[in-house]
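All remarks here apply to the structure that follows.
The values are calculated or read from the model by the stated rules, or taken from the named source; none is laboratory data. Predicted model, so just to flag it, every value in this text is computed and none were measured. Cβ: placed from backbone, ideal geometry, glycine included. Neighbour counts: every protein chain shown.
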Amino acid sequence: MRYVYVIEEAEDGSYSAFVPDLPGCTTSGNTADEVRLNIKDAVDTYIESLREHNEPVPQPKSVTDVVEAA
């Protein structure tokens, strides 16, 4: 399964990411690259926990796109 994630930069220069299809699945780091490395582990851990608790694993539904601002 392939999940979309969003990386955001905080005002202090740190970064965080969240997965829209997995509520509460987040990670953070000092750089965007660090967050990119951490997000796979966050998703794997999140899904593993769902399975251990016999909860359904949400199917990926989010898509991404960009808009050009004027």
ask   = Counting only residues that are assigned to a loop (DSSP other than H, G, I, E, B) and surrounded by 10 or more Cβ atoms within 10 Å (Cβ to Cβ), which one in the range 1-12 is nearest to the chain's Cα centre (by Cα)?
value = 5
request  = Filter the range 36-59 down to the residues that are in contact with a Leu (Cβ under 9 Å, 6 or more places away or on another chain) and not in a helix (DSSP H, G or I), then identify the one that is surrounded by the most Cβ atoms within 10 Å (Cβ to Cβ).
outcome  = 58
remark   = Log entry, pairs with first residue in the range 42-56 being more than 11 Å from residue 22 (Cα to Cα), second being among the small types (Gly, Ala, Ser) and at pLDDT 95 or above, beta carbons closer than 9 Å, six or more apart or on different chains, reads 55/49
ask   = Does residue 61 fit the bill of being touching a residue at least 24 places away in the same chain (Cβ under 8 Å), among the basic types (Lys, Arg) and within 13 Å of residue 3 (Cβ to Cβ)?
value = yes
Restricting the range 13-34 to residues that are within 9 Å of the chain's Cα centre (by Cα) and hydrophobic (A, V, I, L, M, F, W, C), the residue that is surrounded by the fewest Cβ atoms within 10 Å (Cβ to Cβ) = 18
key: Residue selected from the range 13-27 under the condition of a type in the set (S, T, N, Q) and part of a strand (DSSP E or B), by the criterion farthest from residue 50 (Cα to Cα)   = 16
Scope the range 20-55; condition closer than 17 Å to residue 3 by Cα and among the aliphatic types (A, V, I, L, M); matching residues = 22, 35, 37, 39, 42, 43, 47, 50
